[in-house]
Amino acid sequence: MEPLWRTALALTGDPAQAHRLTAQALARHGDSRDAYFTLYRRFLSPFRRWRRPVVAGRRSRREWAAAVGLRHDEWSAENVADLLGWRVAKVGRLAADASAASASVVEETPQGLETGPIRELVESYRKRRFAAACAGVVGTVTALFLAALLLSPEAPRRAEYPPPSEPYVRPTLARDLPTGPGVAVRYAYRLVDRYNETGYQDSWAVVTASGERRVLAGLRGDLLKVSHDGRKIAHHDSEKSELTLMDVTSGWTKRLPLQADRFGGLTLDFSLDGRYVAFQADEDPIAVMDLRHPEKLVTYPDEMITSWTSRGLMTMDDDRENGWLRRPDGSKKRIDTYLADPVLVSSDGSMYAHADDREPEVYLGSLDGDGMDRTITLKDDNVLGVERWVGSSAVIVSMHHGGYRLIDVRTGKVRPIEIDEGGYPEVVFGKL
């Protein structure tokens, strides 16, 4: 415990914060090597405010963490590069001129460590995790019980299946998406039809603003996006290596060859007005298409897509050192580098939202320095991820046990989003 605490003290320079950081790492991994990685990652998180010691000087938080890892914990340059997402050569350059200041911080501290407060914090954190795990077990057992009840031979016949003497009636879903000036997609969802009783297995269906449900003909790929105004749809099929762009108001469709890995290999997003679409496949450059002039394609090499705002596209360098605001006129402006972590930015570019996988907290922060950072904790379930912003006043989050919540960032009020297909694993929101 004490070596881990001394590392936390070298990072923060504050015994009280070192206690908290150590307890959080121990609660998750115990006194093991994995606890060190957790300790460093929590210190590097932009959503937690840790102070740095005076000896850190003007070093950034990542540079100071690298110095502590190299000099105090004697990590290899490869391990530090893996932790920070840097190239090994860059860590090597930093090691050449990094001081031993991190070691001096520990040498000035008392040799004895009172472990009682840390153990109390560890127990507190473990109880919270245990309570969340118990809730998950109860939910799983309940689901298994209901499944056994419905599948047992003694169970009554389900109402949606007609008697054998009657002809089977296919569910009423229109096949093609209508087009017209008033058509807009409210949300889309992927049909889960294990036995293909509908004939639409793994297809995507949409719900229009008027409440009509339609199946997108021939689109059975892994990724689908809807623009904020509900008028544009983008779909990628990894088996066909094809990207399809659709305008539901005019019926315009364009198909592009695009090869990307099935699992997380493609990042794609529409601008807020639906005019532009940005996409990036695997390690390829970012490509931005003006849908009014689809023959023109602008590329940005060595950058990653972060989020669209009303002011342009936010991107990040591959080495996560610089963030950029790419405007439609071709100009760019540097932005805060801590957007290197996976966050979603509000439409006016003033705030960001982030949630750790299967944790109850949603972190909200200010980008322009005018607002206050805050954490909103959901009490009934853990968060699976932040799905999108609704303007600049609310965010939509998906929940671990299904369903979606709308969080008002001004008041902190949380309410469920009432959609009939909330139980489907993949729901994509459009015009809300």
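Any residue that is modelled with pLDDT of 75 or more, surrounded by fewer than 21 Cβ atoms within 10 Å (Cβ to Cβ), part of a helix (DSSP H, G or I) and not assigned by TED's automatic domain parsing to the domain that holds residue 363 - is there at least one of those in segment 7-15? Yes, segment 7-15 contains at least one residue that is modelled with pLDDT of 75 or more, surrounded by fewer than 21 Cβ atoms within 10 Å (Cβ to Cβ), part of a helix (DSSP H, G or I) and not assigned by TED's automatic domain parsing to the domain that holds residue 363. Considering only residues in segment 393-410 that are at pLDDT 85 or above and assigned to a loop (DSSP other than H, G, I, E, B), the one that is farthest from residue 308 (Cα to Cα) turns out to be 410. Pick from 46, 117, 110: which is part of a helix (DSSP H, G or I), at pLDDT below 70 and not assigned by TED's automatic domain parsing to the domain that holds residue 366? Answer to the selection: 117. Out of 99, 104, one residue alone is surrounded by fewer than 20 Cβ atoms within 10 Å (Cβ to Cβ), at pLDDT below 75, part of a loop (DSSP other than H, G, I, E, B) and of a type in the set (S, T, N, Q). It is 99.
Of the set (1) within 24 Å of residue 315 (Cβ to Cβ); (2) buried (at least 16 other Cβ atoms within 10 Å of the Cβ); (3) without any contact (Cβ under 8 Å) to a residue 24 or more places away in the chain, all apply to residue 221 but (1). Residues in segment 295-319 that are part of a loop (DSSP other than H, G, I, E, B) and over 24 Å from residue 347 (Cβ atoms): 295, 296, 301, 302, 318, 319. Residues being closer than 23 Å to residue 277 by Cα, modelled with pLDDT of 75 or more, not in a loop (DSSP other than H, G, I, E, B) and not small (Gly, Ala, Ser) are represented in segment 353-368 by at least one member.
The values are calculated or read from the model by the stated rules, or taken from the named source; none is laboratory data. Everything numeric in this text was worked out from a predicted model, so none of it was measured. Backbone-built Cβ (ideal geometry, glycine too); neighbour counts: all protein chains shown.
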